[in-house]
Amino acid sequence: MIHKLKSKGALYADIRWVRKQHENISVFNRGLENLSHHIDEGYGIRALYNGAWGFACGSIFSEKEIEKNIRLALEIARASSVVNKEKAIFPSHPAAHASYTCGYEINPFEVSVETKLHYLFYTNEILLQSPKIKFAQSTLDFYKTDKFFVNTEGSEIEQSFIESGGFFEVAASEGAHIQKRSFPISHHSQIRQAGYEYIKELNFPENAPRIRDEAIILLGAPDAPTGETTIILDGYQTALQVHESCGHPVELDRVLGAELSYAGGSFLTLEKYGKFRYGSKHVTISADATLSGGVGSFAYDDEGIKAQRIELVKHGIFSDYLTSRETALAVKKESNGCMRADSWNHIPLIRMTNINLEPGKPSLPELIADTKEGLYLCTNKSWSIDDLRLNFQFGTEIAWQIKNGKLGRAYKNPVYASTTPYFWNNCSAVANKDSAYLWGIPTCGKGEPGQAMHVGHLTGPARFEKITVGIKR
Amino acid sequence: MITSGHLKERLAPFTKTKEADKVGVVYFRTGLQVSRFANSAIHQHLSDENQIVYFRVLLDNRMGLASTNSLDEQNLTETFKKALRMARLKLDIRENKTIVSFKPLKTSTGVNFKKTTHTSALSRAEILRKLFTDAEDMKVTFSGNFYNGLTQLAVISPEGKMNYQDYSFTGIKLIAARGESSAYASRVDYDIEKLKPQEIAGAAIEKCLLGLKKTSLEPGCYDVILEPAAVAELITWLNYIGFGAKSVAGETSFLYNKAGKRVSGKRVSIYDYGRDKFTFILPFDFEGVSREKTYLIKKGIAGQPLRDSYYAKLLKTKSSGHANFPDDVDGPLGHNLVMEGGTAPESQIIQSTKKAILITRFHYINGFLDTPRALMTGMTRDGTFLIEEGRIKCALKDMRFTESILEAFSRITRVSKERKLIADHLETLGSIYAPSLYIKDFTFTS
């Protein structure tokens, strides 16, 4: 079929077949809320024709249907060329031939549903062991994705990924007050490229009593203080901070305006490339698509470019963008392989891979011991950032007082706000690699139609000075 | 597009099986054609279609659920068998799930426009070329999207009866930009003839040119005029954190324990109604149950949350017809939300304003800060202006609000007579019909 696209005049074309399986099991307040298994399969055709792009897709695999969609992709590209004054330039790339399967020990789709349910119900039972707990949810998610990519340059790439993960959350209430705690992350499952062995590693039952008790403690805790102080973010909140204030603004398509109609642009404009002081000397942020276990890892991206590790911020200096073959020309470079689509019916976009904050020297206890006064903020609760990725306000589920190098009482409803360069320039330390954890977020949104991508972050706790905390009406 | 007759023929036989106590089927399909553009050039141009078939199988009070995106006979049979296998699992757990029987509803007509579904990429491109060329004279560029498509929903009961609805949809979203100024305008409709892209472009350009010079305002409390897009974003979050029965059952909702009690101001009435003609209709939910008109807040008084059969049982009441997708864990949500209008013409609200901030839309609202209070934060975006003595005085740099929305809604002093349909078919299912609001003392924190 790819040859047909070429014979019909496409300058470049690729076809991507994807088959995705997703199993979700969710237990809410001692009841089975969801036990579902979904299979989604189809192909997407992307064609560069007459200097413009077109994309069509289908889930019926007859020759007639595929030919219809090839014609449609070319027709759409032709329509784009009616509008566009400048022709798209797409640099050629040598053909790649590869077959890749991510590593795992236990295929989660071969583990019995009974085993998974026992794990979730047992966790739910622990969470509900107090009359103050009104909301307890425990969830597992498993994904299997098989992809086959061919393009007019002769590439043929087969990739297969297994991802496993889960989370639980609990809410304690008293009167009109309610406080939530989650583990290991909030709002959705924490996922890894791994098998069922990762679910065992997450060990919900061992962590459930602590998280439940913290939710109850928060009911009697005072509101987090307001003012300016030192904050230490836990590894997950650091991941969210990296995600929103570095991962998104370094997407070069965003910088060039491709996302203006949705989540906006980026303050990291082209003239800042390679010289802007983004953060303090402690801040080195990398994008690593080769990281074992990361859900942003792969062998080749959806344009046939090999997975890479690059440094986005080097000792505080903004040094690189996440790029595609087309956008990389804007910085006179070759693609660093970040184009991914979340399914067969969506076009690839520049997406984060695994965006990591490189570790520093102190352990977390040393970091706390080295802090005279401040707050230790744990587990993201809310996030909001402006359309240039500058002005942000984040909230966490819990804050722990730090006084004279020791953790003290818990505070509820902590919030901190800042602007991106100020915040990262006030980073005074990053915890060591033993304190870092590989987070996996399955819901990174981008594009119209919306795409939810799986992205990873290897981050540990980090400390920031003179940060405004506790803003609320 | 597959016809309703064809769907029934293909899917209803599965309900006749003797291997299960009950079988229900849900079919959902969206076909979309999208021209997405930035800096007045199309950069993403695509046809996107997908469908999903869910089989729900009930056996000895155990529910099995499996889904596929293929209508191929073999795939359907395999998926059905998977659901059956899941229902056969011997599990000692509480489930309380059922497959609802229903009387078929008459399919609503007059909402599927052939011209809308058949508009080609080339037709959209030609309209956009004209908009881009016209804007060039004013040194304005456009980013945004222009789309058209069709949604189909069918639910088949255990008795083999089918509820079916389809509707066409189209939308244009424009962000006009010049220098540091950007302005948003959009319109959605069932019928592409009513979209009038030129009008939307004119509105976006006009606002953009008013915003060329921007002033900063100090954080603090200011009166605000929220246009319908901004109001709809707040309602979207109210829906997500508090209108559904799951958040009430889990006591995280602002409606929990509040039925019949005051939760906001007298000018606030919000309901969900699947057959509301001003929204994109969804007459029945994903269990096939008629979406009943359900007041969430009426004149500031809390109503009942939106329910499906599962949460209705938990809350000892009836389903209101708001079941979500069968595998969705957010629980019941509103898809046809309407905020009742007031008496003030929109133009008069501005003309009678002494000093207020006019907000076109918000960006990146987050409502998880304190859900029982509906405390939210977010930024203004693409058209924020200072109004003084009934006129736009100047454009403002974007600001962050942090505010309990129910408390803010209790300070509404004027609600516009005119309302606008807000939807984003590229992001979510569902639509909101909202007025403009004048709110006193809205809190900006940075």
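The values are calculated or read from the model by the stated rules, or taken from the named source; none is laboratory data. If you're wondering where the values come from, they're calculated on a predicted model, not measured in any experiment. FYI the Cβ positions are ideal-geometry reconstructions off the backbone, even for glycines, and counts take in every protein chain you see.
Is it true that some residue in the range A:353-364 is assigned to a loop (DSSP other than H, G, I, E, B) and within 14 Å of the chain's Cα centre (by Cα)? Show your work before the answer.
Taking the range A:353-364 first, the residues assigned to a loop (DSSP other than H, G, I, E, B) are A:353, A:358-363.
Then keep just the ones that are within 14 Å of the chain's Cα centre (by Cα); that gives A:353.
Yes, the range A:353-364 has at least one match.
Return a yes/no flag: does the range B:328-351 have any residue that is closer than 18 Å to B:T252 by Cβ and away from every other protein chain (no Cβ under 14 Å).
Of all residues in the range B:328-351, those closer than 18 Å to B:T252 by Cβ come to B:328-334.
Within this subset, residues satisfying the condition of being away from every other protein chain (no Cβ under 14 Å) are B:333-334.
Taking every residue of the range B:328-351 in turn, at least one turns out to be closer than 18 Å to B:T252 by Cβ and away from every other protein chain (no Cβ under 14 Å).
On the basis of being basic (K, R) and either more than 24 Å from A:T459 (Cβ to Cβ) or more than 24 Å from the chain's Cα centre (by Cα) (or both), does A:K200 make the cut? Reasoning before the result, please.
Working: basic (K, R): yes; either more than 24 Å from A:T459 (Cβ to Cβ) or more than 24 Å from the chain's Cα centre (by Cα) (or both): no.
Considered against the rule, which asks whether it is basic (K, R) and either more than 24 Å from A:T459 (Cβ to Cβ) or more than 24 Å from the chain's Cα centre (by Cα) (or both), A:K200 comes out as no.
Out of the residues in the range A:442-473 that are of a type in the set (S, T, Y) and farther than 15 Å from A:R351 by Cβ, which is nearest to the chain's Cα centre (by Cα)?
Keep residues of the range A:442-473 that are of a type in the set (S, T, Y), which gives A:443, A:459, A:468.
When the remaining residues are screened for being farther than 15 Å from A:R351 by Cβ, the result is A:459, A:468.
On the way: A:T459: 12, A:T468: 26 Å.
Ranking the qualifying residues of the range A:442-473, first place goes to A:T459.
Of the residues B:R36, B:R29, B:R56, only one is in a strand (DSSP E or B) and closer than 30 Å to B:V140 by Cβ; which? First the steps, then the outcome.
On the way: B:R29 fails: closer than 30 Å to B:V140 by Cβ; B:R56 fails: closer than 30 Å to B:V140 by Cβ.
Within the list B:R36, B:R29, B:R56, the selection yields B:R36.
Here is a list of conditions, (1) more than 8 Å from chain B (Cβ to nearest Cβ); (2) closer than 24 Å to A:I162 by Cα; (3) out of contact with any helix residue (DSSP H, G or I) (no Cβ under 6 Å at 6 or more places or on another chain); (4) of a type in the set (D, E), and A:E63 meets all of them except one; can you say which number that is?
Result: A:E63 passes all but (2).
On the basis of being over 30 Å from A:A172 (Cα atoms), surrounded by 22 or more Cβ atoms within 10 Å (Cβ to Cβ), modelled with pLDDT of 95 or more and more than 12 Å from every other protein chain (Cβ to nearest Cβ), does B:L386 make the cut? Write out each step before concluding.
Values: over 30 Å from A:A172 (Cα atoms): yes; surrounded by 22 or more Cβ atoms within 10 Å (Cβ to Cβ): no; modelled with pLDDT of 95 or more: yes; more than 12 Å from every other protein chain (Cβ to nearest Cβ): yes.
No.
Which one is farthest from B:Y433 (Cα to Cα) among residues in the range B:345-368 that are of a type in the set (A, V, I, L, M, F, W, C) and within 25 Å of the chain's Cα centre (by Cα)?
Within the range B:345-368, the subset of a type in the set (A, V, I, L, M, F, W, C) is B:349-350, B:356-359, B:362, B:365, B:368.
When the remaining residues are screened for being within 25 Å of the chain's Cα centre (by Cα), the result is B:358-359, B:362, B:365, B:368.
On the way: B:L358: 19, B:I359: 17, B:F362: 16, B:I365: 19, B:F368: 23 Å.
By that ranking, first place goes to B:F368.
Tell me, which residue of the range A:330-388 that is within 14 Å of another protein chain (Cβ to nearest Cβ) and acidic (D, E) is nearest to A:D234 (Cα to Cα)?
Restricting to residues being within 14 Å of another protein chain (Cβ to nearest Cβ) and acidic (D, E), the top hit is A:D386.
Against the definition (within 14 Å of chain A (Cβ to nearest Cβ), in contact with a Pro (Cβ under 7 Å, 6 or more places away or on another chain) and modelled with pLDDT of 95 or more), how does B:L255 come out, yes or no? Break it down stepwise before answering.
Values: within 14 Å of chain A (Cβ to nearest Cβ): yes; in contact with a Pro (Cβ under 7 Å, 6 or more places away or on another chain): yes; modelled with pLDDT of 95 or more: yes.
Taking the combined requirement at face value, the residue satisfies it.
Which one of B:G202, B:G242 is closer than 30 Å to B:K397 by Cβ and modelled with pLDDT of 95 or more?
Numbers: B:G242 fails: closer than 30 Å to B:K397 by Cβ.
Residue meeting the stated conditions: B:G202.
Looking at the range A:389-404, which of the residues that are more than 10 Å from chain B (Cβ to nearest Cβ) and part of a strand (DSSP E or B) is nearest to the chain's Cα centre (by Cα)?
My answer is A:T396.
Name the single residue that is farthest from the chain's Cα centre (by Cα) among those in the range A:89-121 being more than 13 Å from chain B (Cβ to nearest Cβ) and assigned to a helix (DSSP H, G or I).
A:E110
Condition check: outside the structural domain of B:S186 (by TED's automatic domain parsing), in contact with a helix residue (DSSP H, G or I) (Cβ under 8 Å, 6 or more places away or on another chain) and under 27 Å from A:G264 (Cβ atoms). Does B:G367 satisfy that?
Numbers: outside the structural domain of B:S186 (by TED's automatic domain parsing): yes; in contact with a helix residue (DSSP H, G or I) (Cβ under 8 Å, 6 or more places away or on another chain): yes; under 27 Å from A:G264 (Cβ atoms): yes.
Answer is yes for this residue.
Output the number of residues of the range B:4-49 satisfying the condition of being modelled with pLDDT of 95 or more, of a type outside the set (G, A, S) and under 27 Å from B:L122 (Cα atoms).
14
Working only within the range B:48-65, note down all residues that are facing chain A (nearest Cβ under 7 Å) and surrounded by 23 or more Cβ atoms within 10 Å (Cβ to Cβ).
Across the range B:48-65, the qualifying residue is only B:L65.
Only one of these conditions is not met by B:Q152: (1) away from every other protein chain (no Cβ under 14 Å); (2) surrounded by 19 or more Cβ atoms within 10 Å (Cβ to Cβ); (3) out of contact with any Asp or Glu (no Cβ under 7 Å at 6 or more places or on another chain); (4) not hydroxyl-bearing (S, T, Y). Which number is it?
With (1) away from every other protein chain (no Cβ under 14 Å); (2) surrounded by 19 or more Cβ atoms within 10 Å (Cβ to Cβ); (3) out of contact with any Asp or Glu (no Cβ under 7 Å at 6 or more places or on another chain); (4) not hydroxyl-bearing (S, T, Y) applied to B:Q152, the lone miss is (3).
Among the residues of the range B:133-144, are any of a type outside the set (D, E, K, R), on the phi > 0 side of the Ramachandran plot and in a strand (DSSP E or B)? Lay out the reasoning, then the answer.
We begin by selecting, within the range B:133-144, every residue of a type outside the set (D, E, K, R); these are B:133, B:135, B:138, B:140-144.
The next check asks that each one be on the phi > 0 side of the Ramachandran plot; those that pass are B:144.
Still in the list and also in a strand (DSSP E or B): B:144.
Yes, because at least one residue in the range B:133-144 is of a type outside the set (D, E, K, R), on the phi > 0 side of the Ramachandran plot and in a strand (DSSP E or B).
Out of the range A:345-388, which residues are surrounded by 23 or more Cβ atoms within 10 Å (Cβ to Cβ) and among the basic types (K, R)?
A:R351, A:K381 - these are the residues of the range A:345-388 that are surrounded by 23 or more Cβ atoms within 10 Å (Cβ to Cβ) and among the basic types (K, R).
May I ask you to list the residues in the range A:1-26 that are in a helix (DSSP H, G or I) and crowded, with 23+ Cβ neighbours inside 10 Å? Please lay out each step first, then the result.
Here is the first cut: in the range A:1-26, the ones in a helix (DSSP H, G or I) are A:2-7.
The one that is in a helix (DSSP H, G or I) and crowded, with 23+ Cβ neighbours inside 10 Å: A:L5.
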